[in-house]
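Novice: Supplied in structure tokens, the structure appears directly below.
The values are calculated or read from the model by the stated rules, or taken from the named source; none is laboratory data. This is a predicted model, so every value here is computed, not measured. Glycine gets a Cβ as well: all are built from the backbone with ideal geometry, and neighbour counts include every protein chain shown. For accessibility, only protein heavy atoms count, side chains too; no ligands or nucleic acids. Shrake-Rupley method; radii C 1.70, N 1.55, O 1.52, S 1.80 Å.
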Amino acid sequence: MRIRYFLALLGVLVLAACTNSEKEPARIYAESNGNINNLQIVMSNDLWEGRVGEAVRSVFAAPVDGLPQDEPMYNMNQIPPSAFSGFAKYNRTFVQFSQSDSTYVRYANNPYAKPQLGVFVGAPDKEGLINTLNEKSEDILAAIKATEIAEKQRRINKSLMSTAPLQEKMGVNMMIPTAYRVAKEEDNFLWIRKDIRTGSLNIIVYEVGLDAIDPNGEVINNIIKLRDSIGGDNVTVDEGGRFITEEAYAPFIFESEIDGKFAYETKGTWEVRDKWMAGPFVNYAIRDEANNRYLIVEGFTFAPSIDKRDYQFELEAILKSLKFENKS
């Protein structure tokens, strides 16, 4: 009996070994490189220096919505296809343009490294490349933005602060780095901030009833009113003055989604009335019907005299990590 058992077990092991040997070996990826919001453009120097390059710059270097000064969506680095090899192929996010027999836009996850997004754009001639880019620009930008947000969240997730107050008071959680701290905690209001060399990054969270925003009315006015009342009452400024939405410029508003729930996304600039203080904000009013409320989460930056794009991007990545603890 023991011999039969041993022979049967040996047969199973041999079969398993043969089966495993027939499988393709696991692919080993190089680690990608590249800063957040840096984009590698792969195209010939001739295309880059002409109308195709102009079209590329108009799409990927367009000003970011809601910032007080113009800053490009992406910092771009162009290299010709002949140089796109070795270490250069490990850039985390790239868009490659080629003249080809067919017209296409293709997306590839981890084509040469990991994590990595490659976007391949082809057309028979220069005019076709320009038209294809313009027609598909929203989809391409959305794919790149999602990749950048995911990468920022991956980096943030390495060291997180305790978000117990958020969970206890608001029933939600977010990935917030340990460099942040709770600056103010009330029953219906939380202010979380991080000090930077020239100012601070700030997150505020509060809730209002579903009737506070009328989807059939002036949504943007409702959101501004909430910011100026609740935010103005709770965001105190050492220098005095009141924290409000900047009156000179109308904010941008979009429809969005956070953790599967509908949200209004508002981007604009804030100011402190009668003081020389201002900066950008991004605000999400998340419709939480299960709890008969809008949950408002906002990130705003105070960083005078320096670029603010990457600071706001960090705040946006944090806010988009929000999860409802008891989602229904």
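Novice: Looking only at segment 89-174, where both bridge partners belong to it, what percent of the DSSP beta bridges are antiparallel (to the nearest 5)? Walk me through the numbers before you get to the answer.
Specialist: Values: 6 of 13 bridges.
So the antiparallel bridges amount to about 45 percent of the total.
Novice: Still on this structure: Residue 98 to residue 254: extension gain in nm, 0.36 nm per residue of separation minus the Cα-Cα distance?
Specialist: 52.8 nm
Novice: At 7 Å along the Cα-to-beta-carbon direction for both residue 236 and residue 196, put a label point, then send me their distance in nm to one decimal.
Specialist: 2.5
Novice: How do 162, 229, 82 stack up against each other in accessible area, from largest to smallest, with a 1.4 angstrom probe?
Specialist: On the way: 162 85, 229 45, 82 110 Å².
Heavy-atom accessible area, descending, gives 82, 162, 229.
Novice: Which angle from 0 to 90°, rounded to the nearest 10, does the C-alpha axis of helix 2-22 make with the longest principal axis of the chain?
Specialist: The angle comes out near 70 degrees.
Novice: Continuing with this model, one more query. Find how many whole Å separate the alpha carbon centroid of segment 92-135 from the alpha carbon centroid of segment 227-282.
Specialist: One Cα centre to the other: 37 Å.
Novice: Also: Taking θ as phi - 60°, what are the ³J(HN,Hα) couplings along segment 209-220 by the Karplus curve (6.51, -1.76, 1.60), each to the nearest whole Hz, with x for Gly and Pro?
Specialist: Calculated HN-Hα couplings, in order: x, 4, 7, 6, 10, 8, x, 9, x, 8, 4, 4 Hz.
Novice: What percent does the relative contact order of the chain come to when contacts are Cα pairs within less than 8 Å and at least six residues apart?
Specialist: Value for the chain: 14 percent.
Novice: Another question, if that's okay. Please give the length that would be gained between residue 274 and residue 161 if that part of the chain were fully extended, namely 0.36 nm times their separation in residues minus their C-alpha to C-alpha distance (nm, one decimal).
Specialist: 37.2 nm
Novice: May I pose another question? Calculate how steeply helix 309-319 sits against the longest principal axis of the alpha-carbon atoms of the chain, using the helix alpha-carbon long axis, and give the answer as 0 to 90 degrees to the nearest 10.
Specialist: 80
Novice: Provide the solvent-accessible area of residue 257, counting protein heavy atoms only and rolling a 1.4 Å probe, rounded to the nearest 10 Å².
Specialist: 120
Novice: When all protein chains stay in place, what accessible area (Å², nearest 10, 1.4 Å probe) is found for residue 228?
Specialist: 40
Novice: Can you say what percent of the DSSP beta bridges in the chain, counting only those with both residues inside, are antiparallel? Round to 5.
Specialist: 75
Novice: What's the extension gain from residue 212 to residue 292 if we count 0.36 nm per residue and subtract their Cα-Cα distance?
Specialist: Details: separation 80, 0.36 × 80 = 28.80 nm, distance 1.08 nm.
Once the chain is fully extended between residue 212 and residue 292, it gains 27.7 nm.
Novice: I would also like to ask the following. Over 26 Å between C-alpha atoms is what I'm after, so list which of 89/323; 194/275; 194/320; 136/320; 184/267; 114/158 land there. Let's see the in-between values first.
Specialist: Details: 89/323 35 Å; 194/275 22 Å; 194/320 18 Å; 136/320 24 Å; 184/267 23 Å; 114/158 17 Å.
Table pairs above 26 Å Cα-Cα are 89/323.
Novice: Hey, another quick one. Loop sites only, by DSSP: take the trypsin sites (Lys or Arg not before Pro) in the chain that have at most 13 other C-beta atoms within 10 Å and name the longest stretch containing none of them.
Specialist: 28-157
Novice: Follow-up question, since we're still on this one. Using only the Cα atoms of the chain, what are the Rg and Dmax in Å?
Specialist: Answer for the chain, Rg first and Dmax second: 24.9, 93 Å.
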